[in-house]
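Inspection log for the structure reproduced underneath, given as structure tokens.
The values are calculated or read from the model by the stated rules, or taken from the named source; none is laboratory data. For clarity, every value in this text was computed on a predicted model and none was experimentally measured. Glycine gets a Cβ as well: all are built from the backbone with ideal geometry, and neighbour counts include every protein chain shown. SASA here: full protein model, heavy atoms, side chains in, ligands and nucleic acids out. Shrake-Rupley method; radii C 1.70, N 1.55, O 1.52, S 1.80 Å.
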Amino acid sequence: MKRLSDMTTFRLGGPCPEVHDCAEPDTCIAVLRDLHARSLSCVFLGGGSNVLASDEGIDLPVVRYVSETVKANRDGSMVQVTGSSWLDDTVRTTVAWGLDGLVMCSGIPGTVGGAIAGNAGAFGQQIGDRLVEVTVCDRAGRVSSRTPSDLDLGYRSSNLIERGEVVLTATLGLTPADSGTLAARREEILAFRRDRHPDWRNVPTAGSFFKNIEPTSNAERRQAAGWYLEKAGALTLREGGARTFLRHANIIIAEPPCTALEVWTLAHRMALAVRDQFGIALQREVRLIGHFPDAATWSTGAGP
Ligand SMILES: Cc1cc2nc3c(=O)[nH]c(=O)nc-3n(C[C@H](O)[C@H](O)[C@H](O)COP(=O)(O)OP(=O)(O)OC[C@H]3O[C@@H](n4cnc5c(N)ncnc54)[C@H](O)[C@@H]3O)c2cc1C
């Protein structure tokens, strides 16, 4: 029996009955068609770096679309890449090609497909800004093309997950630039991340648990959830092995032994602390897999 803890960067989560690993679009389509023919739905994963999986596990098969190598090609400044390609390796490739537009994603774990599904980004930019087209596959195995306007891209969101569509390949429109300058910027970003974030290869985490706070008027900027969490005392909260990362109050780390329920309970306490002190309902960024108590009230990502 496979365990979700082996497929997620939180390293939490119980068993699942079957796992299908695929790296190529055609394999992914074949797996989804086969599951559909068996009337089975599935949980779809890339790098598992933005999910919290329940301790009880799930009764559904898991499909993992991850490739060990970057599968990308360029036509001028247009880059086509598989959704299974690791995002940070894709950034490194585009930097070496002297193409700007993805460097802000340096160091973000996970796949290109997972990044597009959640419109991942940093420093005020997101991957959706560079998207030209995606090829998607629905859960019945039907393949089609989508433009960015079809995806309803927002801050850390798209409609792909709700529609049950997976990103097979993406075309990104990048900008020619000096590769040395891009490489230097990439190193700066990686150093910034090493300083502010836990190293997910050694520390169980899924990065920021909550989304930053949307401005209430056009004149305002998005405000860091971490600031409110720190002011509300989140850095001192602990639930079993789950605690906040001392240099970033919005990041939960799961120190073994730790359960997903402990992470979930801590996240609730953090959100309640911000609600009680500031009257703000934090929105969850991390996606849930499996059952969590009271998750219905958080099912759309809304706070408690
Ligand atoms: C230390 C750390 C730092 C992080 N920093 C950032 C950051 O700066 N900015 C940021 O935005 N995020 C950040 N994250 C969160 C995470 O890395 C991103 O959200 C990442 O893009 C998730 O990709 P993934 O492949 O791991 O997705 P997964 O966690 O595997 O999946 C997340 C969701 O996307 C869906 N999905 C996965 N692959 C596909 C696909 N091919 N097609 C359609 N849907 C798919 C899944 O079904 C699931 O609903 C960080 C995480 C960690 C651990």
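Evaluate the stretch 222-235: report whether one residue or more is in a loop (DSSP other than H, G, I, E, B), over 16 Å from ILE253 (Cα atoms) and within 15 Å of the ligand (Cβ to nearest atom).
yes
Inside the stretch 91-111, can you point out the residues that are open to solvent by less than 10 Å² (accessible area, probe 1.4 Å), under 21 Å from PRO198 (Cα atoms) and not hydroxyl-bearing (Ser, Thr, Tyr)?
VAL91, MET104, CYS105, GLY110
Could you check CYS137 against (1) near the ligand (Cβ under 10 Å from one of its atoms); (2) under 18 Å from the mean Cα position of the chain (by Cα) and say which number it fails?
The failed condition is (2).
Out of THR93, THR27, THR82, I need the residue that is within 12 Å of the ligand (Cβ to nearest atom), at pLDDT 95 or above and under 16 Å from THR169 (Cβ atoms). Which one? Spell out the reasoning first.
On the way: THR93 fails: within 12 Å of the ligand (Cβ to nearest atom); THR27 fails: within 12 Å of the ligand (Cβ to nearest atom).
After applying the criteria, what remains is THR82.
Going by what's in this entry, would ILE58 be described as away from the ligand (no atom under 12 Å from the Cβ), in a loop (DSSP other than H, G, I, E, B) and among the hydrophobic types (A, V, I, L, M, F, W, C)?
Working: away from the ligand (no atom under 12 Å from the Cβ): yes; in a loop (DSSP other than H, G, I, E, B): yes; among the hydrophobic types (A, V, I, L, M, F, W, C): yes.
Judged against the criteria, ILE58 is a match.
Is it true that ASP199 is in a loop (DSSP other than H, G, I, E, B), open to solvent by 40 Å² or more (accessible area, probe 1.4 Å) and out of contact with any helix residue (DSSP H, G or I) (no Cβ under 8 Å at 6 or more places or on another chain)? Before the answer, list the steps.
On the way: in a loop (DSSP other than H, G, I, E, B): yes; open to solvent by 40 Å² or more (accessible area, probe 1.4 Å): yes; out of contact with any helix residue (DSSP H, G or I) (no Cβ under 8 Å at 6 or more places or on another chain): yes.
In short, yes.
Determine which member of the set GLY98, GLY107 is more than 12 Å from the ligand (Cβ to nearest atom), touching a residue at least 12 places away in the same chain (Cβ under 8 Å) and more than 10 Å from the chain's Cα centre (by Cα).
On the way: GLY107 fails: more than 12 Å from the ligand (Cβ to nearest atom).
Residue meeting the stated conditions: GLY98.
Considering only the stretch 125-136, I want to know if a residue exists there that is in contact (Cβ under 8 Å) with a residue 12 or more places away in the chain and in a loop (DSSP other than H, G, I, E, B). Even if it seems obvious, please write down each step before you answer.
If we filter the stretch 125-136 for residues that are in contact (Cβ under 8 Å) with a residue 12 or more places away in the chain, which is where we start, we get 125-136.
Still in the list and also in a loop (DSSP other than H, G, I, E, B): none.
Among the residues of the stretch 125-136, not one is in contact (Cβ under 8 Å) with a residue 12 or more places away in the chain and in a loop (DSSP other than H, G, I, E, B), which makes the answer no.
Do we have GLN80 as open to solvent by 20 Å² or more (accessible area, probe 1.4 Å) and out of contact with any Ser or Thr (no Cβ under 8 Å at 6 or more places or on another chain) here? Walk me through how you get there before you give the answer.
Values: open to solvent by 20 Å² or more (accessible area, probe 1.4 Å): yes; out of contact with any Ser or Thr (no Cβ under 8 Å at 6 or more places or on another chain): no.
Judged against the criteria, GLN80 is not a match.
Considering the stretch 57-73 alone, what residues qualify as being of a type in the set (Lys, Arg) and within 19 Å of ARG33 (Cα to Cα)? Lay out the reasoning, then the answer.
Taking the stretch 57-73 and keeping what is of a type in the set (Lys, Arg), we get 64, 71.
Selection gives ARG64 alone.
Quick check on my filter: what residues within the stretch 70-85 are of a type in the set (S, T, N, Q), within 21 Å of HIS20 (Cβ to Cβ) and either in contact (Cβ under 8 Å) with a residue 40 or more places away in the chain or assigned to a helix (DSSP H, G or I) (or both)? It would help to see each step written out before you state the result.
The initial filter retains those residues of the stretch 70-85 that are of a type in the set (S, T, N, Q), namely 73, 77, 80, 82, 84-85.
Now narrow it down to the ones that are within 21 Å of HIS20 (Cβ to Cβ): 82, 84-85.
Listed by number, the residues that qualify are THR82, SER84.
In this structure, does ASP88 turn out to be in the same structural domain as ARG139 (by TED's automatic domain parsing), open to solvent by 10 Å² or more (accessible area, probe 1.4 Å), out of contact with any strand residue (DSSP E or B) (no Cβ under 7 Å at 6 or more places or on another chain) and without any contact (Cβ under 8 Å) to a residue 24 or more places away in the chain?
Numbers: in the same structural domain as ARG139 (by TED's automatic domain parsing): yes; open to solvent by 10 Å² or more (accessible area, probe 1.4 Å): yes; out of contact with any strand residue (DSSP E or B) (no Cβ under 7 Å at 6 or more places or on another chain): yes; without any contact (Cβ under 8 Å) to a residue 24 or more places away in the chain: yes.
For ASP88, the condition - in the same structural domain as ARG139 (by TED's automatic domain parsing), open to solvent by 10 Å² or more (accessible area, probe 1.4 Å), out of contact with any strand residue (DSSP E or B) (no Cβ under 7 Å at 6 or more places or on another chain) and without any contact (Cβ under 8 Å) to a residue 24 or more places away in the chain - is met.
Mind counting the residues in the stretch 4-52 that are open to solvent by less than 10 Å² (accessible area, probe 1.4 Å), over 16 Å from ASP138 (Cα atoms) and in a helix (DSSP H, G or I)?
1
Are any of the residues in the stretch 209-227 under 24 Å from SER5 (Cα atoms) and among the hydrophobic types (A, V, I, L, M, F, W, C)? Lay out the reasoning, then the answer.
The initial filter retains those residues of the stretch 209-227 that are under 24 Å from SER5 (Cα atoms), namely 209-211.
Narrowing the set further to residues that are among the hydrophobic types (A, V, I, L, M, F, W, C) leaves 209-210.
Yes, because at least one residue in the stretch 209-227 is under 24 Å from SER5 (Cα atoms) and among the hydrophobic types (A, V, I, L, M, F, W, C).
Within the group ALA206, ALA281, which residue is among the aliphatic types (A, V, I, L, M), open to solvent by less than 60 Å² (accessible area, probe 1.4 Å) and not in a loop (DSSP other than H, G, I, E, B)?
Numbers: ALA281 fails: not in a loop (DSSP other than H, G, I, E, B).
Within the list ALA206, ALA281, the selection yields ALA206.
Have a look at ARG186, ARG193 and point out the one that is within 12 Å of the ligand (Cβ to nearest atom), among the basic types (Lys, Arg), surrounded by 15 or more Cβ atoms within 10 Å (Cβ to Cβ) and assigned to a helix (DSSP H, G or I). Please lay out each step first, then the result.
Values: ARG186 fails: within 12 Å of the ligand (Cβ to nearest atom).
Exactly one of ARG186, ARG193 is within 12 Å of the ligand (Cβ to nearest atom), among the basic types (Lys, Arg), surrounded by 15 or more Cβ atoms within 10 Å (Cβ to Cβ) and assigned to a helix (DSSP H, G or I), namely ARG193.
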